[in-house]
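**Q** Before anything else, here's the structure in question.
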Amino acid sequence: MRLFLFLTIILISFISPDQDIQTADEIWQKYLDSYGNKKAALKAKTLIISAKCDTKYGKRTTLLKLKYPDKLYMEILMPTGEKFITIVNGEKGVSKSLYGDMILSNKVIAIHNLTSHLFPDLHYKKLDYEIELLESEKEENNAYYYIEAKTAIGSTIYLINKKDSRVFKTILNNDVVTEPRDYIEVDGIFFPKTIISYSLSDTTDKMIFYNHTYKINNRIDDKIFEIK
């Protein structure tokens, strides 16, 4: 599941500090500014992401192809050459491997459909986010704003740095943690170069995604989204 979610943190970068921010909406807007060219991001129709991944079970490579607003193709290649493929097309989804096909649950499909918006946080009004500013916990000298966003896939806590409005980490449903590190600029949009993902139930089982490459608005053949 954490592998399915790692892309949700595509939404992060930097912005100039503003210590006078008080409301959830003001903090959220500053965070959205960290995307860089928001107009370009909102107009994007396809996104292709590739990355390496280190886990305690070995290395793997991932390829993700997204087509706005509800098509996803994900390919995971293991060191053994074994390949796992996930396809979501609208309300249908399937996972394919050497062991056979498995129909995805509605919950997993909902997660992928959110990801298929390419930059879902920028579409927060359309996706009916409920945003609330929480009382910041005493962590590292109270350095972060805690924003809770309730969406179709549950509740996500965003720890937003008070100094630069970057997201330090997100916590989905009080379990799945993602931590973006370093950023690269592609067509005026900022993307994380490294992503660390783990579950709060086992913080030793971390997945580290690195060497990300991003391609925006490249042609993607609809045939790869076909579910037979």
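**Q** Between Rg and the Kirkwood Rh of segment 30-145, both from Cα atoms, what is the Rg to Rh ratio? Let's see the in-between values first.
**A** Numbers: Rg = 17.5 Å, Rh = 16.7 Å.
My calculation of the ratio gives 1.05.
**Q** Give me the lysines in straight-line cross-link reach of residue 125: C-alpha distance below 19 Å, same-chain residues under 8 apart excluded.
**A** The reachable lysines, counting only those whose Cα sits under 19 Å from residue 125, are 30, 38, 39, 43, 45, 150.
**Q** In addition: If I compute mean projected area of the Cα convex hull in nm² from the structure I just sent, which labelled value in [x] 13.7; [y] 12.4; [z] 15.7 lines up?
**A** Answer by label: [y].
**Q** Return the distance in nm (one decimal) between the two label points of a simple spin-label model at residue 80 and residue 175, each offset 7 Å from Cα along Cα→Cβ.
**A** Taking the simple label geometry, residue 80 and residue 175 are separated by 2.6 nm.
Here, each number is a calculation from the coordinates, and none is a lab measurement. Given the structure is predicted, the values throughout are model-derived calculations rather than measurements. Cβ: placed from backbone, ideal geometry, glycine included. Neighbour counts: every protein chain shown.
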